[in-house]
Amino acid sequence: MFMVSGTDRYRAFLSFFISLFNQNRRMKVTEKPLNQYPWYLQPIFRSQKKKYGMVLKSGLMWARVPRLFAAVSFLFGVLERKSSPISPQLRSLILVRVSQINWCPFCVDINSAKLAERAGSMAKIDQLEVWRESDLFDEKERVSLEYAEAVTYTDRQVDEDLMAKLGQHFDDDAIVELTGLIAFQNLSSKFNAALDIPAQGFCKVPTPN
């Protein structure tokens, strides 16, 4: 769990998501008791508990269909591998932005904590919704965010100009991987948002005085 001081803007943003899901909302499908999941998924749950201090509710939901959960976990592991051509901080930046667009409190919470850890501060998270007006993002980050939004928003398309800008920073293999990362987070965040998976408090934000 990553403790951050945050800013008023991001405190309000994250608090909104958390309060939204505290207003008598329940997950649309409940998780099963941990001991009712197949034995071969138990190591994944133990790993989550060791890493996060708790089992992820999103994982428990996916695991209702064990083979699906195993496939999704494998895909995420590939995207998060050390040899990925997309840097860890940029990956987290993309995951948070897609999560914001898709209104996924769980995803915003857990991915903001990871981004703060990788970036060493909350500065970019605070400016992420208005990245076009911010000077905190370099050109590679800006074109990646533009691409993530073009893929995620249903009323936008990826045009040739955007692909040309991507080509200035990524080779073809890296573009495919970046696209896969964006597509994965759309899958994950839409799944969690649709089933009302709540934030689990990974990105602790103090209450304003």
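What follows draws every value from the coordinates through simple rules; no lab data is involved. For clarity, every value in this text was computed on a predicted model and none was experimentally measured. Cβ sites come from the backbone with ideal geometry, for glycine too, and all protein chains shown count toward neighbours.
Let me have the relative contact order for the range 7-209, percent, based on Cα pairs under 8 Å that are six or more residues apart. Before the final figure, lay out the partial values.
Details: 192 pairs, mean separation 68.4, N = 203.
Reported relative contact order: 34 percent.
Averaging the inverse of every distinct alpha carbon separation and then flipping it gives the Kirkwood radius. What is it for the chain, in angstrom units?
17.9
Based only on other Cβ atoms within 10 Å, what is the fewest-to-most ordering of W39, W62?
With the sparsest Cβ surroundings first, the list reads W39, W62.
For each of S73, S47, S83, S99, count neighbouring Cβ atoms within 10 Å of the residue's Cβ, then give the residues from fewest to most.
S83, S47, S73, S99
Tell me the Kirkwood radius of the range 62-173: reciprocal of the mean inverse pair distance over distinct alpha-carbon atoms, in Å.
Working: mean 1/r = 0.0655 Å⁻¹.
That comes to 15.3 Å for the range 62-173.
List the Cys residues of the chain that have no partner Cys with a C-beta closer than 4.7 Å.
Singleton cysteines: C203.
Among R81, R118, R156, R91, what is the fewest-to-most ranking by other Cβ atoms within 10 Å? Can you show the working numbers first?
Values: R81 8, R118 16, R156 12, R91 22.
Going from least to most buried by this count: R81, R156, R118, R91.
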